[in-house]
Amino acid sequence: MRSSISAFVLSAVLAFAPAFAAAQTRTPEQFFGFRLGTDGELAKYPKVVEYLQHLAKTTDRVKFEYLGKTTMNNDYVLAVISSPQNLAKLDRLTQINRRLADPRSLSDQQARSLINEGRPFYFLYATIHSTEVGNGQAINIIAHRLATDNSPATREILDNAVVLLTPSQNPDGQHLVIDHWYKTKGTQFDTVYPDLYHKYVGHDDNRDWFMFTQKETRLNIEKVQNRFKPQITHDMHQQGPTGSRIFVPPFEDPFDVNVHPILAIGQATVGQAMAQALIADGKAGVAWKEGYDMWTPARQYMVYHGQPRILTEIASVDLADPFVNPDGRPIGPQEPRWNFPMPYSKNEWRLSQIVDYAVTSALAGIQHVAKYRTTWMDNFYKVHRDWVNWKGTPYAFVVPASQRDPMATREMLEILHLAEVELHRATAPFGAGGKEYAAGSVVVKVAQPYGAFAKTMLERQVYPDLRIFPGGPPKPPYDVTGHTLGMLMGVEVDEVAQPFSAPLERITQVTAAPSTVPMHPKYAYLVRPESNAGFKALAQLQKADVPVYRAAKAFQSGGATFAPGTWIIAPTSAATKILQTVARDTGVQVAATDTSPGVDGFRVKPGTRIGLYRGANNIPGGWLMWLFEQYGFNFQVVSARDFDGDLSAKYDTIVFPSGLSRGRIVFGLNAARHDKEFAWAYGVGEAGWQKLAAFVKNGGTLVAIGSGVETAIELLDLPIEKALPEAGDRRSSARTMPGPEMDRLLRDAFSSPARLMQVLRDRVAEPESLFFCPGSLLENEFDTSHPVGFGMPASWPVFFNADQAYRIRPGFGIDTHVVYRYPRQNILRSGWLLGEEYLRDQANVVSFRVGRGTAVTLGSQIDFRTQPRGTLKLLFNAMFHGPSSEVSAAQMQQIGTN
Ligand SMILES: [Zn+2]
């Protein structure tokens with residue numbers, strides 16, 4: 001019996017083994033029906049997912065997992081690739097990573113043993129940017145090679161490393177872009193998808209790595225980064241078609257000092273291993289230390305979590321069709337430089353080359369990590385060991401218990417918690433840095449595994465004064481320069497330099513502050529205006545037809561002072577339920593009063609109808625769409641079709657996001673080049689433009705943000721003008737130039753003295769009119785008695801991203817009111833600002849009466865990527881105040897009796 005079982009087991013094993021033989025595994029070419037990288041052909045995302053499953057089924061080196069659903073309900077997936085032995089002990093290997101990532105109480109000897117036992121995890125993902133399709137093709141070849149190849153090089157990878165492979169960081173975009181391309185190819189329509197390739201944030205899906213707003217960001221972080229604790233992450237991109245053929249690390253300056261030096265050098269090492277493999281393989285046009293910097297955490301979660309960030313940027317083609325240099329000359333710069341030793345000599349570039357460069361570079365990176373397995377494990381350990389032993393300044397950050405906005409405070413702590421930063425709550429009062437803190441205050445110590453993330457997010461950024469040449473114009477950063485989270489969120493955070501002791505307990509779950517709703521007041525509920533939670537409540541109260549008012553002035557009730565803008569809510573049973581829910585979710589305090597406070601007020605228009613004029617492929621508009629959905633506002637995206645009728649029949653308020661120009665409104669998408677599904681974004685013509693102006697003059701509300709303010713000025717002839725020097729504008733446009741393009745400009749500039757002079761004349765202002773502010777936090781002073789400033793503190797930093805400041809000019813027939821302005825001094829709070837004197841005393845937000853309507857202009861992007869939560873209420877106030885109606889104190893008496 002016994003022997004027959006063994007015989008059975010043996011025969012089963014034998015029968016089973018051929019199932020894993022490479023012979024049954026189809027190559028990508030066999031599976032997809034064409035050779036990946038063929039001009040004009042693209043593997044579609046669902047088929048790519050199937051292919052990874054096919055590899056998992058037919059080999060013993062691949063584990064496949066669905067990790068969750070994306071924004072548009074597609075599958076976000078992961079393939080784990082390694083030797084069968086490593087896959088069998090994946091839990092143990094993960095556990096080792098987790099232990100080394102938090103080496104407190106780990107002896108050097110224990111660490112050594114884990115380092116020897118462990119395997120570095122290399123996390124590889126493609127197509128976060130959906131038009132960068134070549135990498136999404138290459139990923140199949142990489143997976144197939146690792147799953148089937150038996151060469152010593154592949155064996156070494158499989159034995160020594162674990163590859164985490166996500167075929168797309170934005171699957172929705174793969175559907176949108178590739179489906180659109182197949183649908184329009186050979187028709188009169190444009191093959192390039194004309195709208196955002198991520199439903200809400202488009203290209204900014206790679207700017208979400210500290211705010212974690214989108215589902216895909218969270219899947220990446222929660223289901224891969226935090227779970228496996230990889231040693232390295234490789235994010236595959238494509239750049240424009242005309243520069244270098246591929247960028248690999250190291251990066252340009254500046255570099256955030258919170259990135260551990262071991263990680264900075266790790267990036268350079270892997271980047272150079274890639275460069276070596278590419279160049280040795282005859283692949284020309286490899287560049288490093290060009291264009292891309294590593295300043296903002298919006299682009300890099302991994303470097304604050306123990307891993308180098310490997311960015312590859314391969315030159316693009318015409319989506320899947322070849323790119324041919326129109327002038328017939330070789331593509332890209334032709335002078336060899338030390339960081340670009342081998343120029344590319346051909347005048348055309350194909351999809352197959354993107355695929356080849358991607359495969360070579362990714363495998364070189366993985367191979368390097370596998371070859372130096374213990375070095376990588378050891379470095380990973382050392383980075384975390386150094387952070388947990390942090391003895392520098394500051395010692396900690398303290399978030400005082402009492403905050404203006406409990407909702408924003410909770411959101412901020414949730415961000416830190418999701419990034420696995422340890423938070424502690426004080427169980428009793430304590431003193432630190434010469435200040436007394438109440439029980440409930442939160443302490444964030446820097447000495448902890450992810451102290452790097454905590455420190456970079458909570459401290460003030462001091463951006464280095466980088467110039468193109470000494471004394472010359474500023475060198476633009478790749479992205480923005482200030483990201484101090486407390487300032488963005490509207491939360492007070494103190495930096496404490498010296499060690500202190502306090503009675504602390506670890507926060508295991510971030511919850512809203514406890515808040516109860518008083519029952520059955522005779523007159524009304526009161527909600528203070530300082531919290532964004534008031535708007536969460538408003539959206540629901542409007543849906544339930546509960547009358548909502550705002551006090552025009554400060555008042556006293558129950559011995560407490562309530563600020564102007566306090567929400568006064570009719571005490572219906574629906575209101576009670578809604579306020580209970582909002583209070584529970586946000587921690588906002590709800591008060592009640594049995595008597596009218598006796599102040600004038602405003603009645604918020606029931607069911608206020610918001611129109612978001614987002615425009616096709618306008619990222620700020622996409623962010624606002626996401627934001628308005630989060631709050632549950634009654635809004636619609638403005639469509640060209642709305643102009644068939646009366647705009648006021650549909651909207652009370654129309655919002656112009658930054659980036660919405662007159663051209664986008666009047667001309668919009670060309671109907672001849674874009675099919676009816678994009679009809680909403682067609683131009684509305686001059687007649688439509690006039691209709692928009694009439695909408696405001698006849699009583700509508702227009703709210704414009706950032707560059708949308710210029711559009712509003714043009715539409716309504718608003719009596720404000722730019723306060724920043726003309727050069728500031730030009731400098732701003734240089735700021736928005738992509739890094740590689742800027743680099744080429746500079747290279748061109750230095751090619752001859754005459755050329756240099758011309759570029760300097762074009763791009764560089766005289767030093768006396770130098771203004772430059774690329775994404776920083778700037779102090780503003782608020783008129784909190786004005787309805788647009790309701791709930792703001794007297795001063796607080798706002799986000800400024802190459803925006804404008806304004807001064808009032810006499811405007812016949814238009815009443816203006818400056819709601820907030822720049823102070824006289826100390827304007828820069830975080831980031832980089834040159835030419836502060838131009839901002840002094842200038843206006844940022846202005847409210848106008850235009851005919852019977854209202855316009856509000858928010859000059860700087862106070863909603864930038866929805867990150868400055870502390871200033872969002874300026875936008876919300878403006879949106880809801882315009883359509884509201886004035887109510888006298890006497891009329892306010894009636895609320896409770898309704
Ligand atoms: Zn990209």
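Per-structure values
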| read-out | value |
| --- | --- |
| Pairs, first over 25 Å from ARG467 (Cα atoms) and away from the ligand (no atom under 15 Å from the Cβ) in segment 238-253, second in a loop (DSSP other than H, G, I, E, B) and of a type in the set (Asp, Glu), C-beta under 7 Å, six or more apart | none |
| Spans of strands (runs of 3 or more DSSP E) in segment 397-475 with at least 3 residues not β-branched (Val, Ile, Thr) | 424-426, 430-432, 435-437 |
| Count of residues meeting criterion [in contact with an Asp or Glu (Cβ under 9 Å, 6 or more places away or on another chain) and surrounded by 14 or more Cβ atoms within 10 Å (Cβ to Cβ)] in segment 70-99 | 15 |
| Flag for SER785 being of a type in the set (Ser, Thr, Tyr), under 25 Å from the mean Cα position of the chain (by Cα) and modelled with pLDDT of 95 or more | no |
| Residues that are touching a Lys or Arg at 6+ places or on another chain (Cβ under 6 Å) and surrounded by fewer than 23 Cβ atoms within 10 Å (Cβ to Cβ), drawn from segment 550-575 | PRO564 |
| Yes/no for ALA277 being at pLDDT 95 or above and more than 15 Å from the ligand (Cβ to nearest atom) | yes |
| Sole residue being over 30 Å from THR871 (Cβ atoms), within 28 Å of the chain's Cα centre (by Cα) and of a type outside the set (Phe, Trp, Tyr), chosen from PRO326, PRO406, PRO308 | PRO308 |
| Hey, PHE771 modelled with pLDDT of 90 or more, in contact with a Lys or Arg (Cβ under 7 Å, 6 or more places away or on another chain) and crowded, with 17+ Cβ neighbours inside 10 Å or not | yes |
| Of all residues making up segment 58-93, the number that are out of contact with any strand residue (DSSP E or B) (no Cβ under 8 Å at 6 or more places or on another chain) and on the phi < 0 side of the Ramachandran plot | 13 |
| Lone unmet requirement of (1) more than 16 Å from the ligand (Cβ to nearest atom); (2) surrounded by 19 or more Cβ atoms within 10 Å (Cβ to Cβ); (3) of a type in the set (S, T, N, Q) for SER113 | (2) |
| Candidate set from segment 259-278 (those that are assigned to a helix (DSSP H, G or I) and of a type in the set (Val, Ile, Thr)); member that is nearest to ASP378 (Cα to Cα) | ILE262 |
| Residue satisfying all of: in segment 122-177; within 22 Å of LYS215 (Cβ to Cβ) and β-branched (Val, Ile, Thr); nearest to the chain's Cα centre (by Cα) among these | ILE128 |
| Members of segment 116-137 found to be surrounded by fewer than 22 Cβ atoms within 10 Å (Cβ to Cβ) and away from the ligand (no atom under 16 Å from the Cβ), listed by number | ASN116, GLU117 |
| Checking HIS180 against (1) more than 16 Å from the ligand (Cβ to nearest atom); (2) within 19 Å of the chain's Cα centre (by Cα); (3) more than 30 Å from LYS371 (Cα to Cα), the condition it does not meet | (2) |
| Segment 304-319, residues that are within 14 Å of the ligand (Cβ to nearest atom) and assigned to a strand (DSSP E or B) | ARG309, ILE310, LEU311, THR312, GLU313, ILE314, ALA315 |
| Check on ASN698, at pLDDT 95 or above and either buried (at least 22 other Cβ atoms within 10 Å of the Cβ) or farther than 23 Å from ILE814 by Cβ (or both) | no |
| Hits in segment 576-588 - residues which are touching a residue at least 60 places away in the same chain (Cβ under 8 Å), polar (S, T, N, Q) and surrounded by 16 or more Cβ atoms within 10 Å (Cβ to Cβ) | THR586 |
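The values are calculated or read from the model by the stated rules, or taken from the named source; none is laboratory data. All values derive from a computational prediction rather than experimental measurement. Cβ sites come from the backbone with ideal geometry, for glycine too, and all protein chains shown count toward neighbours.
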